[in-house]
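A quick write-up on the structure given underneath.
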Amino acid sequence: MAKLPKSPLRYPGGKSRALKQILPHVPLNISEFREPFVGGGSVFFAIRNLFQDRINSYWINDLNYDLYCFWKEVRDNAQDLVATLRETHTTTTDGRALFEKLTQAKDELNQNRNALCEFQRAVRFFVLNRITFSGTVDSGGYSQSAYEKRFTDSSIERVKNISPYLAGTKITNGDYTEALWQDGDNVFIFLDPPYWKATESKLYGVRGTLHTEFDHAQFAENMRKCQHKWLITYDDSPIIRELFAFAEIQEWTLQYGMNNYRNTSA
């Protein structure tokens, strides 16, 4: 496999280490790729790199508004974004003070999207992703080690390098179901939803609400009704196995237990 583009984000549960298990399940004759829980984007970037223009349409989505702003600005305004990130990096001498400055109004930012423009949100998201514990942004705490080792020139350079892969890509900030129900020919959907065992975790969003409020039973029912081909990565759980009894399940291990669930027509 050729060297794949590396996401500039640190993302808990990201799939960069699982690509060898995931990519063989992607059909070769698809016209449209959709990823409604794009997260750090490792699977999307791998597929974009491998398929390129053989896939006519790419659509990525995430309910995390700040993450949406980041990917949108990387696509549309990478040069200014990289310049601002570099300036922030070179002028910052106190990582904790930077963290406190960026998080002091997080509740207001979560409640009012107009409190900060999309570009400023993108800058804020990336910096916090690089200087918080495990890249958890608003739901995590400051990490001096991450500030010293993860907020680097090379991490900012990846923002510039990844931008061409987003050219022409549809980027949205809606519910995952929009990608399931919209018509299309030869559509393939990859889904990496919040894991069942992480229901009580607080990995994503302010106070982790993007994880704790996810309805797994409704998700399974929606996938059962989806007419497109799809592949899901999930954690292993008797409850999830029961919810997805209608799907083909392939189990594999990567650092921790994880399963592949796929539509039998895929």
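The values are calculated or read from the model by the stated rules, or taken from the named source; none is laboratory data. Please read all numbers here as calculations on a predicted model, not as lab measurements. Note that we place each Cβ from the backbone using ideal geometry, even for glycine, and neighbour counts take in every protein chain shown.
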- Take Arg34 and decide whether it is assigned to a strand (DSSP E or B), under 18 Å from the mean Cα position of the chain (by Cα), buried (at least 23 other Cβ atoms within 10 Å of the Cβ) and modelled with pLDDT of 95 or more. yes
- Determine which single condition Val123 fails, assuming it passes every other condition in (1) assigned by TED's automatic domain parsing to the domain that holds Leu23; (2) in contact with a helix residue (DSSP H, G or I) (Cβ under 8 Å, 6 or more places away or on another chain); (3) under 19 Å from Arg75 (Cβ atoms). (1)
- Output for region 52-62, where each listed residue is out of contact with any Ser or Thr (no Cβ under 6 Å at 6 or more places or on another chain), touching a residue at least 24 places away in the same chain (Cβ under 8 Å) and surrounded by fewer than 21 Cβ atoms within 10 Å (Cβ to Cβ): Ile55, Ser57
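Determine whether Lys101 is among the basic types (Lys, Arg), out of contact with any Pro (no Cβ under 7 Å at 6 or more places or on another chain) and within 27 Å of Phe214 (Cα to Cα). Show your work before the answer.
Values: among the basic types (Lys, Arg): yes; out of contact with any Pro (no Cβ under 7 Å at 6 or more places or on another chain): yes; within 27 Å of Phe214 (Cα to Cα): no.
For Lys101, the condition - among the basic types (Lys, Arg), out of contact with any Pro (no Cβ under 7 Å at 6 or more places or on another chain) and within 27 Å of Phe214 (Cα to Cα) - is not met.
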- Query: Which condition breaks for Thr152 when tested against (1) in contact (Cβ under 8 Å) with a residue 60 or more places away in the chain; (2) in the same structural domain as Thr172 (by TED's automatic domain parsing)?
  - Reply: (2)
- Between residues in region 22-47 that are within 14 Å of Arg10 (Cα to Cα) and residues that are at pLDDT 95 or above and among the charged types (D, E, K, R), which pairs lie under 6 Å by C-beta distance while being six or more apart or on different chains? Val38/Asp62
- Message: Step by step: first the residues of region 138-182, then only those that are of a type in the set (A, V, I, L, M) and within 18 Å of the chain's Cα centre (by Cα), then the one that is farthest from Pro36 (Cα to Cα). Which residue is that?
- Response: Ile156
- Message: Among the residues of region 105-118, are any modelled with pLDDT under 95, crowded, with 17+ Cβ neighbours inside 10 Å and assigned to a helix (DSSP H, G or I)?
- Response: yes
- In this structure, does Tyr147 turn out to be at pLDDT 95 or above, hydroxyl-bearing (Ser, Thr, Tyr), crowded, with 17+ Cβ neighbours inside 10 Å and outside the structural domain of Arg34 (by TED's automatic domain parsing)? yes
